[in-house]
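To keep things clear, I will list the structure first and then write my remarks on it.
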Number of protein chains: 4
Amino acid sequence: MPKIAMLGSGFIGRFYADSILGQRSRDSIVSVYSRRKESAEKFAKDYHCKHWTTEMEEAIAHPEVDLVCISLPNNLHEIAVLLCCKHKKAVMTTKPLGRNATEARRMLEAVEDAGILNAYLEDLVYTPKFLKAHASVQNGALGRILWAKSRETHPGPHSEWFWDLEQAGGGCILDLGCHCVEIARSFIGKDIRPVEVMCWADTQVKPIEAEDHAIGLVKYENGAIGQFEVSWTFRGGMDLRDEVMGTEGTIWINNFLRTGLEMFTTGKGADYVAEKAESNTGWLFPMGDEVNDLGYNHMFTDVFNAFEKGKAPKETFYDGYVVNAILDAAYRSARTKLWEPVQL
Amino acid sequence: MPKIAMLGSGFIGRFYADSILGQRSRDSIVSVYSRRKESAEKFAKDYHCKHWTTEMEEAIAHPEVDLVCISLPNNLHEIAVLLCCKHKKAVMTTKPLGRNATEARRMLEAVEDAGILNAYLEDLVYTPKFLKAHASVQNGALGRILWAKSRETHPGPHSEWFWDLEQAGGGCILDLGCHCVEIARSFIGKDIRPVEVMCWADTQVKPIEAEDHAIGLVKYENGAIGQFEVSWTFRGGMDLRDEVMGTEGTIWINNFLRTGLEMFTTGKGADYVAEKAESNTGWLFPMGDEVNDLGYNHMFTDVFNAFEKGKAPKETFYDGYVVNAILDAAYRSARTKLWEPVQL
Amino acid sequence: MPKIAMLGSGFIGRFYADSILGQRSRDSIVSVYSRRKESAEKFAKDYHCKHWTTEMEEAIAHPEVDLVCISLPNNLHEIAVLLCCKHKKAVMTTKPLGRNATEARRMLEAVEDAGILNAYLEDLVYTPKFLKAHASVQNGALGRILWAKSRETHPGPHSEWFWDLEQAGGGCILDLGCHCVEIARSFIGKDIRPVEVMCWADTQVKPIEAEDHAIGLVKYENGAIGQFEVSWTFRGGMDLRDEVMGTEGTIWINNFLRTGLEMFTTGKGADYVAEKAESNTGWLFPMGDEVNDLGYNHMFTDVFNAFEKGKAPKETFYDGYVVNAILDAAYRSARTKLWEPVQL
Amino acid sequence: MPKIAMLGSGFIGRFYADSILGQRSRDSIVSVYSRRKESAEKFAKDYHCKHWTTEMEEAIAHPEVDLVCISLPNNLHEIAVLLCCKHKKAVMTTKPLGRNATEARRMLEAVEDAGILNAYLEDLVYTPKFLKAHASVQNGALGRILWAKSRETHPGPHSEWFWDLEQAGGGCILDLGCHCVEIARSFIGKDIRPVEVMCWADTQVKPIEAEDHAIGLVKYENGAIGQFEVSWTFRGGMDLRDEVMGTEGTIWINNFLRTGLEMFTTGKGADYVAEKAESNTGWLFPMGDEVNDLGYNHMFTDVFNAFEKGKAPKETFYDGYVVNAILDAAYRSARTKLWEPVQL
Ligand SMILES: NC(=O)c1ccc[n+]([C@@H]2O[C@H](COP(=O)([O-])OP(=O)(O)OC[C@H]3O[C@@H](n4cnc5c(N)ncnc54)[C@H](O)[C@@H]3O)[C@@H](O)[C@H]2O)c1
Ligand SMILES: NC(=O)c1ccc[n+]([C@@H]2O[C@H](COP(=O)([O-])OP(=O)(O)OC[C@H]3O[C@@H](n4cnc5c(N)ncnc54)[C@H](O)[C@@H]3O)[C@@H](O)[C@H]2O)c1
Ligand SMILES: NC(=O)c1ccc[n+]([C@@H]2O[C@H](COP(=O)([O-])OP(=O)(O)OC[C@H]3O[C@@H](n4cnc5c(N)ncnc54)[C@H](O)[C@@H]3O)[C@@H](O)[C@H]2O)c1
Ligand SMILES: NC(=O)c1ccc[n+]([C@@H]2O[C@H](COP(=O)([O-])OP(=O)(O)OC[C@H]3O[C@@H](n4cnc5c(N)ncnc54)[C@H](O)[C@@H]3O)[C@@H](O)[C@H]2O)c1
């Protein structure tokens, strides 16, 4: 039964907490770190944390804490991980692992040297639909996998720091592509080496330095192709779809906008506001249970079970590092316009 | 933290156990009753129950047990409930509550006299999609509700006892209609009185006495209509769809066959067998996470939280009794061909 | 090559003309009748009619005309048909044939006495999807048909006369139910006798005398059930869906709101207005080719080919009469609350 | 009213004939050329052609013929076009125009020199859904177009010649990519110059020299991206989907596998065989009206109206040439692994 410290009290921090404390969970968050006193206090109150602090190291070092959850902007992941290593606390970090593979590799080496449990919180390979689809692929229902595509597009992130290259480390390739790359890699096989990447990227709409739209192809050593389509310019909500082609079958997954719940409302009945939708009248497509359907529940179950059994979870820092290496190749390719090798 | 006795180790008993012990749950099943030694032992092993027995009362009376879960054929619900009353153990029973309203009323009176927590396990008003849709209806997004339809059809039940009128108490009206009636009633408003019922029923295909196909209309005192469509003759899997119409909007829910996960397989890749589907090649529509998507998780969370707080869960024996009364009227109507009053 | 007179220049008159003159048709409308000079002239100009008139009989009697198309309000169908009989002109009339079976029967007898081609323009049994589905049913792909449901609901008609019982002859049962009844009857078999009808109807929303919402069951002599769901209170556009269940399969048809064309628009790009949709921003579901997809093209092809070959079209006044007889029973049932016999 | 000669009596020849003679058309095929006497005779009989021949030039030169339709393998398009030029007969040719841009350019120059009507039969920019979507794009409902994707994949062609590089000129890039490229180009704007292409292609499954799977990106001078996904290795039927993203909206089109007609059949009812599907039991997704829904009707209407009015149709040899030029760049890119310029 892990006792958790949460670093960061923003969007994903609260989502994680909803999942960790959700349903009939045994697990608890004992400490929370946030920059601002008010945020830390509020989070502690909402999620029944005994302790809160505005000092990151204090949360990590807290004697009751044995597992740290990093939910901070991308540029702070490494700093936080190194503190966990120093205090020998098990660590799980949100995506992307690093802003690039160099950072990611340092983090990987640090946790391995420290000998601590390290989990890479890639929730989208834990969604119920992914798990079911992946099991079918493993069972051979699709034959040999030829191509796996993952698409994540929405109208753009919610926090200022995403738009700052220094803090974010990249645009939609890093922010969304990390999901897509790991989904495709999992369908193709995590034991198959990614070889090279071709990527187009552009800043088509937003007044930013980073890319707001990109498409990439990742070639694996067995000839299979992983494809990612990512954008911060999509209109219509959040589009999260995967497709897999094999010699004996195909799989189509729609994770968000068409899942079997459809609502029309004139908006005259009430001030109804649909989650994450761009409109709150007309035809709306809400999700039933975001925390479960986006994979958070199955992800934390896996990580916490691993923690208790002293095993590695399904996704570790190594996976996060591979994803960063693939995305680094994508960034190079977008610049050089060449297929760029994945350097692992 | 309830300590549960499970009565019955069949289809729904195992489904319930998967949910109760699923994810990171605090809850445990301490005793299981099953007629056959082998089944009881197997269930106890699979779900880590300390104790098993082939005597129903022994499981209920077991000193560690404080909450009993009835997962037995319909004709045994009352017997089991009365034993729970005798031993003053909180009780939750699967659907339908009774084989008819007379039985259900006796059960309701018994638990009220005994003063024990009583939960009616109608999972389909706990599905994530239902909960989201219901919240929208409560918020007024659909205006005044005019009509709510629920459809549950499949190719027929899996166990022999369903086909025996004495044990089952009815055909698809009782077996499936109980879900549909409570779904529609919840959308229309559980405080609105159901007034009368018109029902068509027939035995179109199966070699049985009970009905294998029925359609019914339930008129509520405010003029709203609840509709149920139930059948054991449907081909194509399990069809679970709801629709709601209000003056300001509409909701369409597809709970099973079209939820955003679609697979084609030639079947040559592997002996893949899809759950509950009638075929295992061609286009298949598996569910991501049945235990969650069919409402079991949210249902037990509600019941167990209610248990711990000494409150009533969302669905009690009273609701089960109302459902039975509506279905009794449906059965009378199918015979008399008249709109029959709901006798509460 | 029929030369057509169009009676009425309203909504359906123009739809029919679009179909008749559409694509590379050989057919032409030579005369048009409309009450108001301006409407007649405008229609004549738009559809290249040589002749227009504000006298109904003049259009029918016009020497070049050999086939009359009735697109007038329901109360004028009989008058127009009798004039066609008088002038021995082939006649096709829009749905419903009459305001009731008595009227319909008189019209049927009149055209039979006059010995003229008579077509009942039930376009929805000519939609490409219906034709394909019906062929599958005929081929036995669904086994024995047990149940056929048709649903047509929208937010209410566009012209004043629909709201006047004298002119319209009824509410949504007559206006929309006529489609649904003929669709279900066609799937079940036009040679199978409809026996009795149970119908619920109410005026739930609109300030009118006629019903704005109804649900009906039609029992056929072989035990099959036809179901109709009709409403003028639906919000969300036009909902046109059919379902068929047989012993060996099932068919689901969505004719309007989910046909594979989905659009999201913020509305900031342009004053885009979607057809028949209740909103013009957010998620919209336009149809590709309404005139074809609603069956008009295949319907007129059948009627005109029949005309040229001196044969009867697929749908004649006899079918319109049967539909009226079923709907009369539905109206009686809504009043008496009994299953009412279909009187043919 | 064009009098048509059909060259070729294979798959597409018959499809075209079904459309040309379909519904109430004025148009007729007066002559047909096929290599084999039997095929020519059979086609002539089926489609009421007065004349048939096994000499290509004879059909073209036939005095009654004024419009030639080329439905021959790719390597014969140029030969046939040159004969049309020689005899000054208007010509329409199926896709792709040439096996490469060099051939296409010679054909374009020949018809321009001859001054004859030339139509490029790209049916997929004439589908009802495309036309509706395109109109919305033109109206500005999507704002500025950023990306347009078209996907066409199926399990592989039906005739031997497709597998022979000499006759076919290429694999799935040429065969299917020509559709996708013109769809994307039409959404982005046919006046916007395509600049360069990046393409991945591989032979993953079939025992052939040509590619059986490819993905390409086409960059336009305004920064918009056209994407094509083509394959002969897809399992599950024919997958035909388009997507468009603009600054103010998005469009999703499903042309084939999910269009609102869904059927489940055990196959026990009858020897039902679904068109083009890979299976004939289980869940099937037939199309209502292929000839209309794939655009043939609207395409020939446009071409024949243009012919009668002495104007150019919407799609001319110039468009076919641009498509070939883009695909040539794709083939070069697949080899060089570089973004290759489009040479126009
Ligand atoms: N797994 C997913 O699906 C998913 C979804 C969203 C975000 N994320 C990841 O989660 C991380 C946080 O993103 P978010 O959406 O929660 O962002 P957010 O802006 O909502 O929250 C960020 C948190 O970090 C704190 N913070 C910001 N700058 C800081 C600084 N300089 N020093 C200390 N604390 C600081 C903020 O106060 C806040 O508590 C990112 O790495 C992001 O990529 C993952
Ligand atoms: N909530 C739901 O969605 C849902 C789904 C399925 C079943 N159910 C309900 O669950 C109950 C059990 O159905 P099931 O599908 O699990 O059936 P099942 O046949 O799979 O299991 C029934 C269990 O009861 C035992 N049993 C049977 N006859 C018995 C007898 N005479 N004495 C003692 N034990 C006996 C069996 O050994 C078995 O353990 C029924 O009331 C049914 O309506 C509910
Ligand atoms: N097949 C279908 O799907 C379909 C669809 C819509 C309407 N309809 C049927 O078409 C008929 C006309 O409906 P509509 O929607 O076109 O209505 P509408 O109001 O749009 O047009 C009616 C036409 O009849 C004329 N008219 C009205 N009252 C008249 C009068 N007293 N005397 C002479 N002319 C008169 C109007 O001027 C107009 O030209 C109705 O019977 C309706 O049920 C069929
Ligand atoms: N627009 C579309 O969607 C579409 C669809 C399919 C095919 N096509 C195109 O149509 C053309 C024909 O394809 P198809 O599918 O009809 O092929 P097919 O093999 O079915 O028919 C080809 C026809 O050409 C004839 N033929 C073959 N080799 C010949 C030769 N050497 N000399 C003379 N005649 C010969 C055959 O007898 C047959 O009549 C191709 O260019 C193909 O790309 C277009």
Once D:M263, C:M56 are ranked on solvent-accessible area with the largest value leading and a 1.4 Å probe, the list reads C:M56, D:M263
GNM on chain D, Cα springs under 10 Å; top mean-square fluctuation among D:Q138, D:Q167, D:Q23 goes to D:Q23
Provide the FRET efficiency to the nearest 0.05 for the D:I208-A:A135 pair, computing r from the beta carbons and using R0 = 25 Å. 0.15
Signed unit charges on C-beta, dipole axis of chain B, positive-most listed residue B:A210, B:T336, B:F264: B:F264
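How big is the dipole moment of chain D about its Cα centre under a simple scheme where the beta carbon of each Lys and Arg is +1, that of each Asp and Glu is -1, and everything else is neutral? Debye, nearest 20, please.
Taking the Cα centre of chain D as origin, the dipole is about 440 debye.
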Is the range C:14-66 best put as rounded, prolate or oblate by its Cα gyration tensor, with a ≥ b ≥ c the root eigenvalues, rounded for a/c under 1.5, and otherwise prolate when a/b is larger than b/c, oblate when not? oblate
What helices does chain C have that are whole DSSP H segments, at least 20 Å long along their own axis by Cα, and with mean Kyte-Doolittle hydropathy of 1.0 or more? C:172-188
Name the residues of the range D:292-328 whose amide N is less than 18 Å from a point 7 angstrom out from the Cα of D:T102 along the C-beta direction? D:321-328
Rough spin-label spacing in nm, given labels placed 7 Å along Cα→Cβ, for C:N280 and D:F11: 4.3
FRET efficiency, B:R144 to D:L344 (Cβ-Cβ, R0 51 Å, nearest 0.05): 0.25
Please report the spacing between the Cα centers of the range C:100-151 and the range D:282-311 in Å, no decimals. 27
Scattering from the C-alpha atoms of the range A:154-262 alone, worked out with Debye: what is log10 I(q)/I(0) at q = 0.11, 0.16, 0.20 1/Å? -0.40, -0.80, -1.10
Span per principal axis, largest first, for the Cα atoms of the range D:147-196 (Å): 36, 21, 14
With a probe of 1.4 Å, find how much accessible area chain A has per residue, and write the answer as a whole number in Å². 33
Just check chain A against the gyration tensor rule for me: Cα atoms, a ≥ b ≥ c as the square roots of the eigenvalues, rounded for a/c under 1.5, and otherwise prolate or oblate depending on whether a/b exceeds b/c. rounded
DSSP-loop GluC sites (Glu not before Pro) across the range B:247-344, with at most 14 other Cβ within 10 angstrom: B:E275
In debye, nearest 20, what is the charge dipole magnitude of the range A:289-344 about its Cα centre with +1 on Lys and Arg Cβ and -1 on Asp and Glu Cβ, if you could check? 400
How much of the pair distance distribution for the range B:34-165 lies past 24 Å, counting alpha-carbon pairs only, in percent? 46
Within the range B:1-66, DSSP-loop GluC sites (Glu not before Pro) with at most 11 other C-beta atoms within 10 Å are B:E55
Could you give the alpha-carbon Rg of the range B:98-223 over 2.2 N^0.38 Å, rounded to two decimals? 1.19
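Take the alpha carbon gyration tensor of the range B:203-344, find the square roots of its eigenvalues, order them as a ≥ b ≥ c, and report rounded if a/c is under 1.5; if not, report prolate when a/b exceeds b/c, else oblate.
oblate
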Using the alpha-carbon centroid of each, what span in Å lies between the range C:164-212 and the range D:65-89? 56
For the protein assembly as shown, with equal point scatterers placed on the C-alpha atoms only and solvent neglected, what are the log10 I(q)/I(0) values from the Debye formula at q = 0.04, 0.06, 0.07, 0.08 1/Å, to two decimals? -0.26, -0.60, -0.82, -1.06
Only sites in a loop by DSSP and with at most 15 other Cβ atoms within 10 Å count here; which GluC sites (Glu not before Pro) in the range B:205-247 make the cut? B:E209, B:E221
Which value, in Å² and to the nearest 10, is the accessible area of A:K149 when all protein chains are kept and the probe is 1.4 Å? 10
In whole Hz, with x marking every Gly and Pro, tabulate ³J(HN,Hα) for the range C:216-230 from phi via Karplus 6.51 cos²θ - 1.76 cosθ + 1.60, θ = phi - 60°. x, 10, 10, 8, 9, 4, 8, x, 5, 10, x, 10, 10, 10, 10
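Counting helices only, and only those DSSP H runs with n ≥ 4, report the 222 nm mean residue ellipticity of chain B as the sum of -39,500 (n - 2.57) divided by its residues, in deg cm²/dmol to the nearest 500. It would help to have the intermediate numbers written out before the result.
On the way: 11 runs with 120 residues, N = 344.
Computed ellipticity for chain B at 222 nm equals -10500 deg cm²/dmol.
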Between C:N222 and D:K37, how many nm apart are label points set 7 Å from Cα along the C-beta direction? 4.9
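Placing unit charges on C-beta atoms (Lys and Arg positive, Asp and Glu negative, everything else neutral), compute the dipole magnitude of the protein assembly as shown about its Cα centre in debye, rounded to 20.
So the magnitude is around 0 debye.
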Subtracting the Cα-Cα distance from 0.36 nm times the residue separation, let me have the gained length for A:M1 to A:K311 in nm, one decimal. 110.2 nm
Given an 8 Å cut-off on Cα distances and at least 6 residues of separation, report the relative contact order of chain A as a percent. 19
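The values are calculated or read from the model by the stated rules, or taken from the named source; none is laboratory data. What you are looking at is a predicted structure, and each value in this text was computed from that prediction instead of being measured. So basically every Cβ, Gly included, is an ideal-geometry build from the backbone, and we count neighbours across all protein chains shown. Just so you know, the surface numbers come from the protein's heavy atoms only, side chains and all, with ligands and any DNA or RNA stripped out. Shrake-Rupley method; radii C 1.70, N 1.55, O 1.52, S 1.80 Å.
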